[in-house]
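Notes follow the structure.
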């Protein structure tokens, strides 16, 4: 689910950071810019893995005296591949949207009703989805560990935005539609032993 | 900003947990040379948040009990099976406990692996990647303590 993405960017270092070792200040600037943010069509950036190359600095004498360098680096990115199996926890149930799943660091994961196990129904009283299997009622309760398959990923270009902040923005810049509709998937407790 | 190569490499959960945990330790051992410069600290909060959340997530998965020796042995043992690189990665990250859990991880599993091979594979996983699930039963809260995954690390044959 994690990949290394090779990127190149121009990084400015403010004079107040000139005393830091160069690799450290470049890494810090890159992390400030990318950590915990969604890069459109790339994924959720975690942090810098390493810096491969940094060009000679250009100093902007007439502005704030900061220096600029072209940096080639690798970033640890969360970007599951299609078909990948992952685990998370049930976050919430919604009658028409389906079941929302969380992975602590990433929340925009949804199992639509069509991707639940066959025979699943929404229980109006408990407000939870239930898998009715061979006379058993298997409730998909909140916080239950769940295993799912990545089916569809969606990137929406919403401009620079932080993952998790800006709650008013309804559209998630990166979201996953996942499935539990096969043997071995769904709540871990269903397949124990 | 240019994307030179989207998938330059795939990382296992074990590699990511190791990487982030080592950085955590480094930060504790080398306090910042100039004591927290206010602005720097605030803008590195996103980094701190995502690191802690990823570490928290990964610690609740089987990779928390893995070591590089185990991972190496596991990869070598898998060579004799008809399994792709992506599938090996999932086996490592998910660590299926039974044939039922193995099923979704390998495409067309019954065409590629016999029942015996599937059982062997599950047995191999149990043996080479020992892991005890943290107990999550709410009824046991305050009573049972979760099994310590690190204790099993040296128990492999």
Residues A:81, A:148, A:105, sorted so that the one with the fewest Cβ neighbours within 10 Å comes first: A:81, A:105, A:148
Whole-Å distance, taken between Cα centres, linking segment B:87-131 and segment A:81-120: 23 Å
Chain A, Cα convex hull volume normalised per residue, Å³: 148 Å³
FRET efficiency estimate (nearest 0.05) - Cβ-Cβ, residue B:80 to residue A:92, R0 45 angstrom: 0.55
Surface/4 estimate of mean projected area, convex hull on alpha-carbon atoms of segment A:2-78, nm²: 5.1 nm²
Inverse of mean 1/r across different Cα pairs in segment A:50-98, Kirkwood, Å: 16.1 Å
Dimensions (Å) - segment A:85-191, Cα atoms, principal axes, largest first: 49, 29, 22
Size-normalised alpha-carbon gyration radius of the protein assembly as shown, reference 2.2 N^0.38 Å: 1.09
Principal-axis tilt of helix A:22-34 within chain A, Cα atoms, nearest 10 degrees: 40 degrees
For segment B:66-128, alpha-carbon Rg and Dmax in angstrom: 10.7, 32
Relative contact order for chain A, counting Cα pairs under 8 Å that sit 6 or more residues apart, in percent: 20 percent
Per-residue Cβ neighbour rank within 10 angstrom, fewest leading, B:101, B:133: B:133, B:101
Value of [θ]222 nm, deg cm²/dmol, for the protein assembly as shown, DSSP H segments ≥ 4, -39500 (n - 2.57) each, nearest 500: -8000 deg cm²/dmol
Fewest-first sequence of A:116, B:20 by Cβ atoms within 10 Å of each Cβ: B:20, A:116
Spacing of the two label points (7 Å from each Cα toward its C-beta) at residue B:115 and residue A:154, in nm: 4.3 nm
Gaussian network model of chain A, springs between alpha carbon atoms under 10 Å - residue of A:126, A:182, A:153 with greatest fluctuation: A:126
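Coordinate-derived values only; no laboratory data. Please read all numbers here as calculations on a predicted model, not as lab measurements. Every residue, glycine as well, gets a Cβ built from its backbone with ideal geometry; the counts of neighbours run over all protein chains shown.
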